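Input: a single structure, listed below in structure tokens.
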Amino acid sequence: MTQAAGKLGLEMSIAAGAFAVTPRLAREAEDLGYASIWVPEVSGPDAFVTLGAIAQATTRADLATGIVPIQIRTPGAMAMGFLTLGELSGGRAIAGLGVSSPIIVERWHGAAYRKPVTAMRECVTILRQLFTEGRSKFEGHVYRCDFKLGMQRSQPPPRIYLAALNPPMLRLAGEVADGVLLNYSPPAGVVAKIAEVRAGAEAAGRQLTDVDIAIYLRMCITEDVPGAVAAFKRELAGYAFVDQYNAMFARFGLADEFAEVRRLWREGRRDEAPNALSDASAFKLGAFGAAATGRQFVADFRAVGVNHPVVFPTGSGRNPLADFTTTMAALAGA
């Protein structure tokens with residue numbers, strides 16, 4: 001299928017924990033013209049439950065997990081969740097899938113983190129079978145499945161998007177997915193990523209236009225630019241021990257800065273570690289300040305081939321929910 005251009009999504013991690021107002025904020029985002037709502041899952045809230053509530057408050061926006069780690073639920077459990085969300089929302093569900101990291105999968109959840117690209121390929125195969133046929137009998141290198149759904153379905157199958165950072169997963173997204181979700185990349189870095197998606201698509205007899213190119217864009221529309229930049233650097237520093245992210249950041253010229261973050265962290269100087277990241281690096285990966293700055297950031301990504309930017313509001317550390325609503329309103333229609 002050919003994807004429509006000009007879509008704009010909204011990531012709701014700041015708002016998702018404010019349970020009483022999350023559905024209302026999602027409805028406001030839809031009224032502002034946001035075409036998709038994305039809810040992540042790390043250590044809570046639960047993405048499926050949150051999106052179920054949002055489904056009842058909205059009527060048009062696509063509803064995406066952004067993302068759920070495939071290892072912490074079985075493919076059958078995920079299929080039930082995504083199909084239920086699709087029924088509740090009238091066919092608006094997007095299955096945003098990722099392989100997360102060994103820390104989250106193994107240490108937090110006690111699950112196995114192995115053969116991530118193979119695991120993703122096999123998981124997508126099983127989900128496709130369950131989404132379209134309601135039945136999967138599969139034996140792979142990572143997954144085994146002999147499962148039949150016991151639910152009636154009236155909506156189209158959920159679309160599948162893969163979170164991808166590095167070439168193997170980017171090529172897999174081009175080969176098997178309806179969309180790809182990029183993350184923490186400058187516009188110049190996106191060009192090479194899209195080339196990998198294209199290579200995967202063409203190897204499978206598809207076209208790049210068969211794959212929706214989405215990306216999380218960290219932004220905070222605020223007068224407190226130093227506070228927003230400092231908060232963003234604290235967030236970034238948390239990825240210094242994730243190999244997949246370090247491999248990507250190295251390609252953007254940030255290897256030395258992240259190595260210094262790791263050194264300070266290991267020495268117990270955790271409060272200092274984020275300062276190893278320069279303000280220039282923060283502005284390379286995010287946009288902070290005036291609305292015009294954020295809107296130009298979105299335009300820069302559209303110019304290199306992203307057709308589905310997803311606004312990811314960050315905070316300045318004072319009032320995160322206020323930063324979220326300000327950023328959401330300022331970037332609507334970008």
Discussion item. Condition check: among the acidic types (D, E), modelled with pLDDT of 95 or more and touching a helix residue (DSSP H, G or I) at 6+ places or on another chain (Cβ under 9 Å). Does D31 satisfy that?
Written reply: no
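Any idea which residue in segment 184-217 is farthest from G294 (Cα to Cα), counting only those that are in a loop (DSSP other than H, G, I, E, B) and in contact (Cβ under 8 Å) with a residue 60 or more places away in the chain?
So the first thing to find is which residues in segment 184-217 are in a loop (DSSP other than H, G, I, E, B), and the list is 184-186, 204-207, 211.
When the remaining residues are screened for being in contact (Cβ under 8 Å) with a residue 60 or more places away in the chain, the result is 184-186, 211.
On the way: Y184: 15, S185: 15, P186: 13, V211: 25 Å.
Out of the qualifying residues, it is V211.
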Discussion item. Checking the structure you have, find out if any residue of segment 58-80 is at pLDDT below 95, out of contact with any Phe, Trp or Tyr (no Cβ under 8 Å at 6 or more places or on another chain) and not β-branched (V, I, T).
Written reply: no
Worksheet item: What single numbered condition from (1) free of Cβ contacts under 8 Å to residues at least 40 places away in the same chain; (2) outside any loop (DSSP other than H, G, I, E, B) fails to hold for C123?
Response: (1)
Discussion item. So if I check each of V298, V304, V261, which one is in contact with a Pro (Cβ under 9 Å, 6 or more places away or on another chain) and without any contact (Cβ under 8 Å) to a residue 40 or more places away in the chain?
Written reply: V261
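For (1) crowded, with 22+ Cβ neighbours inside 10 Å; (2) under 17 Å from Y216 (Cα atoms); (3) modelled with pLDDT of 95 or more, each residue gets a yes or a no:
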{"residue": "Y143", "(1), (2), (3)": "no, no, yes"}
{"residue": "G150", "(1), (2), (3)": "no, no, yes"}
{"residue": "P157", "(1), (2), (3)": "no, no, yes"}
{"residue": "N166", "(1), (2), (3)": "no, yes, yes"}
{"residue": "L170", "(1), (2), (3)": "yes, yes, yes"}
{"residue": "A177", "(1), (2), (3)": "yes, no, yes"}
Practice prompt. Considering each residue of segment 233-254, count those that are of a type outside the set (D, E, K, R) and more than 14 Å from K284 (Cα to Cα), and give that number.
Written response: 10
Item to complete: Considering every residue within segment 68-82, establish whether at least one is free of Cβ contacts under 8 Å to residues at least 24 places away in the same chain and either in contact with a Lys or Arg (Cβ under 6 Å, 6 or more places away or on another chain) or part of a helix (DSSP H, G or I) (or both).
Response: yes
Worksheet item: Here are A112, A93: which of them is under 27 Å from Y239 (Cβ atoms) and among the aliphatic types (A, V, I, L, M)?
Response: A112
Practice prompt. Scan segment 101-118 for residues that are surrounded by 14 or more Cβ atoms within 10 Å (Cβ to Cβ), assigned to a helix (DSSP H, G or I) and over 18 Å from the mean Cα position of the chain (by Cα) and report the count.
Written response: 3
Item to complete: Would you check which residues across segment 146-183 are under 19 Å from F301 (Cβ atoms) and assigned to a helix (DSSP H, G or I) and list them?
Response: L170, A173, G174
Worksheet entry | Pick from segment 218-248, criterion part of a helix (DSSP H, G or I) and under 17 Å from the mean Cα position of the chain (by Cα), ranking: modelled with the lowest pLDDT | Q244
Worksheet item: For the subset of segment 84-100 comprising residues that are closer than 21 Å to A173 by Cα and either of a type in the set (D, E) or touching a residue at least 60 places away in the same chain (Cβ under 8 Å) (or both), which member is surrounded by the fewest Cβ atoms within 10 Å (Cβ to Cβ)?
Response: V99
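The values are calculated or read from the model by the stated rules, or taken from the named source; none is laboratory data. Keep in mind that what you see is a predicted model, and the values were worked out from it rather than measured. All Cβ positions, even for glycine, are placed from backbone atoms using ideal geometry, and neighbour counts span all protein chains on display.
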